[in-house]
1. Using alpha carbon centroids, what distance separates region 1-27 and region 29-81, in Å?
2. Go ahead and estimate [θ] at 222 nm for the chain from helices alone: -39,500 (n - 2.57) per DSSP H run with n ≥ 4, summed, over the residue count, rounded to 500.
3. How large, in Å, is region 75-132 by the Kirkwood hydrodynamic radius built from its alpha-carbon pairs?
4. Given 5 Å bins starting at zero, what is the percent of C-alpha pairs of region 1-122 in each, up to the one with the largest pair distance?
5. Could you check the spin-label model distance between Arg59 and Trp91? Points 7 Å from the Cα along Cα→Cβ, value in nm.
6. Treating the beta-carbon of each Lys and Arg as +1 and of each Asp and Glu as -1, no other charges, what is the dipole magnitude of the chain about its Cα centre, to the nearest 20 debye?
7. Using the Kirkwood formula over every pair of different C-alpha atoms, what hydrodynamic radius in Å results for region 1-57?
Amino acid sequence: SSFVDEGDQWSVTDFNKSIQLPGDLGTRMNMAFAEVLQQHAKAVIIGSDCASLTPTIVRAAFEALDTHDFVIGPAEDGGYYLMGMNALSPWVFEDIAWSTETVLAQTLQKIVTHQKTYQLLPELSDIDYEEDWEKHGWAL
């Protein structure tokens, strides 16, 4: 996005907002982690398309980063709805086939190859298609 709405429902006193820079999904996530980890010891990114995500799961993600290098919330489609880390690790986003069913497997392989630890959260479904929404019993 090239515009940040300062007057939306997310208060600028409670939330940091910035323009998303160009690049593939991995590049954009890496830039977001780089920005946050300059000021905080750990960071979590969540997908906006996971309607089943709860505050309890988000809290568990931050707690997992006390004892693990990464935390990941696997999505049913082979990707993930949440990624967290406690140190900037650009390599985890390199050479990933984004938007495919192998994203999670590729990411976990990179973490293992770099001899880092991770914790998986409960598997949830994300909303990519109308059918994904409807399987939860929700109407559009």
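Quick note: the coordinates plus some simple rules give every number you see, no bench work behind them. Since the structure is predicted, the reported quantities are computational estimates derived from the model, not experimental observations. Positions of Cβ are backbone-derived with ideal geometry, glycine not excepted, and every protein chain shown enters the neighbour counts.
1. Here the answer is 17 Å between Cα centres.
2. Details: 4 runs with 39 residues, N = 140.
When only DSSP H runs of four or more count, the value is -8000 deg cm²/dmol.
3. Working: mean 1/r = 0.0806 Å⁻¹.
About 12.4 Å, per the Kirkwood formula over Cα pairs.
4. In order of increasing distance, the bins hold 2, 10, 19, 24, 22, 14, 6, 2, 0 percent.
5. Output for this residue pair reads 3.5 nm.
6. On the way: 7 positive and 22 negative charges, 136 e Å.
Its charge dipole is roughly 660 debye.
7. Working: mean 1/r = 0.0753 Å⁻¹.
After inverting the pairwise mean of 1/r, the radius is 13.3 Å.
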